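Remarks on the structure that follows.
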Amino acid sequence: MTSITHPELVRALAKPGLDIIASLTPVNAHLLHMAVGVSGEVSEIILGIMSKDRENIVEELGDTEFYLEGIYGTMNLARTLWTAEECSQDSKAMAVHAGNLLDQIKKVVIYNKVPDIRAIALALASIEQQLEAVRNMFDISKQKTIDHNIAKLSKRYASLGYSDAAAQARADKTGDQAELFA
């Protein structure tokens, strides 16, 4: 057995940030942003389910659809149906599949690995099936979540162009909501 401590091992083996930046492409940075977004939004959906906050669930479902669309478009993947055996339909497993998606994207972005398109597509499809289960549970249509997301982001980014200032100002949130979601 080696005498190295775990913190020493981590310092020795974690890919340095400068190396990640040096190999980062705009497409990979975008994919990482989208995968991180899916993972974060899925955790917010789960919190909404736990508190039975239908309004928040609508918002987080729409946000998740935004990030999923970013991955589908960037990877030029079609939204395809998979069989129930291939996709978990347990909405409690949504975070696992979001984490798997993030892990697949991490391998592409950080380790410069060739994308495993099948694994990425399967993770996306599993997440989508679980989003549908949540929508059914709360009697929310997919279109309602997308329409809500369009309305929210159109207000937040009135010029329909991204800016850090608009992202931080959150013009779509008012009063206490702005502080809650800051």
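Couple of notes before you dig in:
- All of (1) within 20 Å of ALA29 (Cα to Cα); (2) of a type outside the set (A, V, I, L, M, F, W, C); (3) in contact (Cβ under 8 Å) with a residue 12 or more places away in the chain hold for GLY161 with one exception: (3).
- Between THR83, THR64, the distinction of being under 23 Å from SER141 (Cα atoms) and modelled with pLDDT of 95 or more belongs to THR64 only.
- Sole exception among (1) more than 27 Å from GLN130 (Cα to Cα); (2) open to solvent by less than 40 Å² (accessible area, probe 1.4 Å) for LEU13, by number: (2)
- HIS33 being under 30 Å from LEU77 (Cα atoms) and either touching a residue at least 12 places away in the same chain (Cβ under 8 Å) or open to solvent by 70 Å² or more (accessible area, probe 1.4 Å) (or both): yes
- Residue match in the range 34-53 (condition: among the acidic types (Asp, Glu) and within 24 Å of LEU124 (Cα to Cα)): yes
- Filtered by the rule that a residue be part of a loop (DSSP other than H, G, I, E, B), at pLDDT below 90, surrounded by 12 or more Cβ atoms within 10 Å (Cβ to Cβ) and under 20 Å from the mean Cα position of the chain (by Cα), the range 128-180 gives a lone residue, ARG170.
- Any chance HIS6 is open to solvent by 80 Å² or more (accessible area, probe 1.4 Å) and in contact with a helix residue (DSSP H, G or I) (Cβ under 8 Å, 6 or more places away or on another chain): no
The values are calculated or read from the model by the stated rules, or taken from the named source; none is laboratory data. Bear in mind that the values here come from a model prediction, so they are computed numbers and not experimental data. Counting neighbours? That spans all protein chains shown, and the Cβs are built from the backbone with ideal geometry, glycine included. All accessible areas refer to the heavy atoms of the entire protein, side chains included, with ligands and DNA or RNA removed. Shrake-Rupley method; radii C 1.70, N 1.55, O 1.52, S 1.80 Å.
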